[in-house]
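Derivation of every value follows stated rules applied to the coordinates shown; laboratory data play no part. Note that the structure is a prediction, hence the values are computed from the model and not measured. Here the Cβ is made from the backbone with ideal geometry for all residues, glycine too, and neighbour counts use every protein chain on show.
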Amino acid sequence: MVDLDQEDTVPITLNMSAKKKELMSTAMKRTSEWIFSQEIPSDVTVQVAGVSFSLHKFPLVSKCGYIRKVVSESNDADVSVIVIPAVPGGAESFELAAKFCYGINFEINTENIAALRCVAEYLEMTEDYAVGSLVERTEAFLNEVALQSLAGAISVLHASENLLPIAEEVKLVGRCIDAIAYLACKESGNDIAMSSTISNSKTVVDWWAEDLAVLRIDIFQRVLIAMIARGFKPYALGPVLMLYAQKALRGLEIFGKGRKKIEPRQEHEKRVVLETIVSLLPKEKNAMSVSFLTVLLRAAIYLETTIACRLDLEKRMALQLGQAVLDDLLIPAYSFTGDTLFDVDTVQRIMMNYLEYETDGSHFGYKEEDGYISPPLSDMERVGKLMESYLAEIASDRNLPVSKFIGLAELIPEQSRITEDGMYRAIDIYL
């Protein structure tokens, strides 16, 4: 038995009221002790997930509704083999359920509670068949221990991903998500979580963002939506999204020339993850860094996501183009037959979006009454200088059509150029 002082573990006799302990029959305990002491031969074999358990009918039918029904409804009065298909958690979970039937003490913790709760439901180990049932015990642990901490709730939710759909049927997934949303807002502090200052909120969730990154993308999305519904400001979730994206996109060769083939199923999974992450990105300007947006855009092009996903990222980059550096714009042309080294069309669209934003703040949903301020000239100068550097970089590409070079050059506003040196240099390199 593990030390009971540990927060995430309790004995199976967790919080039984004195009254219920009195109500519980001691017959089961006496019977199991007698079985072990006398080494009574088993009278039933239960097969679960390819594993056979040699057991005794009486302890099982006394607490397990599923097996009681199988035995009572069987045409064979002396049924000796019971095959139970699709047991949640497999043979390991069934073994714990069998121990419970025999009255053998074992440990409930955050690692096994999800499977135990589901197997208890599947095997109908409810109060209808025995007082102090496995369903009741697991519910007590969930409510009093596992869902009382952020780490515990995330751990149970992660384990539940492998127990669908029954984990949804017993409302385990929904309860974990609600607990995480509530505890995240509470532990992050109301003043910070509800703050309107982006800079003060960026590091709020750093310490538990890594825990959330283990979740499946659809479950992860539900958690974030629940947190926002609880009042958590979307821009404060930036660190969570960054960590999740870094984990999910690991292994993609998005910085090299050419698009290397990856396994179709893996490519589809990464595409779904990326499109979901982009849909969850905060709308606020400066909520995410330009370098991070660039990584997402490179991956979106590489994975051939929806056009809407790519255009969304291009517009987000345009909003913060003044903060970009040359490397952010050097997006490889991910094509087996591409004629240019770099994706010039994407950069051209980003620049066009920037210019449209500069002349009309409402284009991105930032109107004057919302505090929109036209970018200062210094920002325009930085963008102009950046685009001249980009032109000079791509000018050495022999396959770059003159039309593309001229089209990009003409986008750079004259007021952004203090001198013509950068433009002349780019033209000289191209020629």
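The magnitude of the dipole of region 207-357, with charges of +1 and -1 set on the Cβ of Lys/Arg and Asp/Glu and taken from the Cα centre, is near 340 debye.
Can you pull out the chymotrypsin sites (Phe, Trp or Tyr not before Pro) in region 62-157 whose DSSP state is coil and whose Cβ has at most 14 other Cβ atoms within 10 Å?
F106
Relative protection proxy for 304-317, 388-401, from highest mean packing down: 304-317, 388-401 (other beta-carbon atoms within 10 angstrom).
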